[in-house]
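See structure below.
The values are calculated or read from the model by the stated rules, or taken from the named source; none is laboratory data. A quick note: this is a predicted structure, and the numbers were derived from the prediction, not measured. Here Cβ is always computed from backbone atoms with ideal geometry, including for glycine, and neighbour counts include all displayed protein chains.
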C-alpha cells in the first residue's frame, strides 16, 4: 500500500468518528480532482459545484459507504463524484448544448489547462500514468470509454452517435477496460 | 464457459462506466446479485474494472473549486449531526448470533473477519448478552423478489437495541447504500444510523432504537449521503411486520 493511500485511510478513519479537520484534509486532497472531473462531465460551473458539494457531504454523512477492503479511498471517492456527475448530466441533458459538450470532450486529455492547481504529488504522478494508459489504447476503443465516462453516454447512445452496432461498443469497451487494467495495475 | 464470462465481463465493464441501460442494466443487476458474489473470476474482474473507473477520473485536469464552495460544505457539515458511526459493528456481533437467528452458515461465513474487529469485542459480548434475554425474538425480512438473501431483525422488550443480521446480501447499486426504515400505522421513519453496505455479503447492524414502538421494518436502497424522508422502493427491498409491543 502506498504511503498516500495510508494517509487517506487515516483521514477516512477520523472522518468516520466525526473529525472535521480530517474531513477538510480530504477536501484539500481531492477537491481539485473532483471539481475538474465534475466540470468535464457536466460542462457547467454551477452543476460541477453541486456535484462536488453533494459528494463531500455524502462522504461526511455516510463514511461507512467506503470499505477499505475494496480498494483505495481515491478510487471510491472519485467514483462517487463521477456517479453523481453522470446522474446530474443525464438529468440536465436538455439544458446542455451539444456543441459545448463536444468541445469539452475534444479537449486533449494530455493537455493540462490547469496545472497551476495545487495538487498532491502522488495524484499528479498517477494522473500521468492514467493519461499514458489512455493514449496507448486504439482510438476506437479510447473513444467509447471517453464517451461513456466523460460524456455520460449510455452504450446504446454511443452506438447511435458513432453509427456502429451496440455489440461493437460493448466489445471495444471490454477490450479497453482490460488493457487499462493491465497498464495501470501491471498485470500480465 | 469463457464465452459466458466474456459476456459477463462486457456487462461489468459497461456497468462501472455507468454505460448500461435497458435490458443490459437489468441483467447486470441480476448478475451482481446472483453470480458475481460467488464467482472469483467475476469478483476479480469487477474489482479491477472498478479500480480503473476510479482512476479514469484522474485523466481530467484538476481545477480549483470556487472559494465559496468549502464554506458552503462547512455549513452542510455543521448542519449534519455527528452520528455514532457504527460501520465496524457490521461484522461485530458475530458467530454466536447465528444460532439465535437461524441464519445457517453465518458463523462460518464470518470466519476470520471477527478477528479483524478485535476492538469490537466488548460491544460484541454486550450485544450477545442482550440478545439472550428472555423475550428476544428474531423476525425474518422477506425480499421483495430480487434476491434470495436473508435478513433477520432481532429485538426484544426492554432491549432498546435492534440488530439486523444477514448473509449473502448483494451490494446495492452503484452510488447507493441500504437504508433501514421503521414503520408505524403505515408511516415509515428513516433510522438515523441505519445506512449500511454488506461486508462480503454479511450484514450485522446494532442500533439504538425501541423497536416496540413500531409494527413494520423495511430495508431499501437510497443514494449515498442522502437523507430521504420516505423510502424510495428502488432496487433491493426487504420487509417484515414486527410483533406488536405488549
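Structure data summary
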{"read-out": "Of all residues in the range A:7-20 being part of a helix (DSSP H, G or I) and within 11 Å of another protein chain (Cβ to nearest Cβ), the one that is farthest from residue A:65 (Cα to Cα)", "value": "A:20"}
{"read-out": "Among the residues listed as B:10, B:3, the single one being more than 25 Å from residue A:62 (Cβ to Cβ), at pLDDT 80 or above and in a helix (DSSP H, G or I)", "value": "B:10"}
{"read-out": "Positions within the range B:19-33 being part of a helix (DSSP H, G or I), surrounded by 16 or more Cβ atoms within 10 Å (Cβ to Cβ) and within 13 Å of chain A (Cβ to nearest Cβ), in sequence order", "value": "B:24, B:25, B:28"}
{"read-out": "Test: residue B:7 is surrounded by fewer than 21 Cβ atoms within 10 Å (Cβ to Cβ) and within 15 Å of residue A:155 (Cβ to Cβ)", "value": "yes"}
{"read-out": "Matching residues, the range A:28-52, being at the interface with chain B (Cβ under 7 Å from one of its Cβ atoms) and surrounded by 21 or more Cβ atoms within 10 Å (Cβ to Cβ)", "value": "A:31, A:32, A:33, A:35, A:36, A:37, A:39, A:40, A:52"}
{"read-out": "Hey, residue B:36 touching a helix residue (DSSP H, G or I) at 6+ places or on another chain (Cβ under 9 Å) and modelled with pLDDT of 90 or more or not", "value": "no"}
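Each row is one residue, and each column tells you yes or no for (1) over 30 Å from residue A:124 (Cβ atoms); (2) buried (at least 24 other Cβ atoms within 10 Å of the Cβ); (3) free of Cβ contacts under 8 Å to residues at least 40 places away in the same chain.
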residue	(1), (2), (3)
B:17	no, yes, yes
B:35	yes, no, yes
B:39	yes, no, yes
B:44	no, no, yes
B:47	no, no, yes
B:50	no, no, yes
B:56	no, yes, yes
B:60	no, yes, yes
